[in-house]
Amino acid sequence: MSDKLTYLLSRRITNKSIWIVVAHDAGARIYKTVGKSGTLRIVRRISNPSGRYKGRQINADRPGRVFSNSGVFHHALSRRIGPHDHNADVFAREIAAFVEKGRNTESFNHLVLIAEPKFLGKIRIALKGATAKRIIKVIKNDFAYVPDTQLPNKIKESLRENGLLMAA
């Protein structure tokens with residue numbers, strides 16, 4: 001898999017488009033490679049402000065209560081996953097839906113995912129079938145606070161560190 005991307009990016013002889021999804025639970029930036037030089041151009045920014053909230057800020061009220069049939073005993077309902085994880089799952093599905101649309105319109109041929117490990121897993125679960133098959137590399141990096149002006153260089157550095165791009 002990495003040999004394929006090394007060939008596509010480092011040899012600079014491709015007209016195949018590669019999308020690079022850089023995501024975290026509060027936002028995502030999707031880039032595409034442009035031309036033979038492999039220049040990165042932003043395709044879309046997707047924001048998820050609730051991804052920055054703490055669990056108690058997302059759902060500040062107390063859990064509901066359940067009473068037994070006799071009316072004497074009661075207990076609080078609990079959630080299987082926390083509100084922060086739920087919001088992250090929903091956001092991962094939103095990213096996956098956008099990437100799926102890109103695949104359906106043949107906007108890219110190959111896909112690289114870059115995210116912190118926990119959110120990376122959520123995105124991979126959300127990507128289905130033919131879209132998931134286009135993933136050629138998954139990189140565990142958290143670029144949440146990297147400014148837009150510095151991110152393309154960080155992406156290229158990360159690709160080099162993972163053997164996907166030869167040093168310039």
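Read-outs: derived from the displayed coordinates by stated rules, not from any lab. All values reported here derive from a predicted model rather than from experimental measurement. Every residue, glycine as well, gets a Cβ built from its backbone with ideal geometry; the counts of neighbours run over all protein chains shown.
For the range 81-168, what is the convex hull (Cα atoms) projected area averaged across all directions, in square nanometres? Mind dumping the intermediate values first?
Values: hull surface 26.4 nm².
Mean projected area of the Cα convex hull: 6.6 nm².
Order of 38-46, 133-141 by packing, highest average Cβ count within 10 Å first? Could the numbers behind the result be given before it?
Details: 38-46: 14.4, 133-141: 17.3.
Listed from highest to lowest mean packing, they are 133-141, 38-46.
Using 1/(1 + (r/R0)^6) with R0 = 30 angstrom and r between the beta carbons of residue 90 and residue 154, what's the FRET efficiency to the nearest 0.05?
Details: r = 27 Å, r/R0 = 0.88.
Here the calculated transfer efficiency is 0.70.
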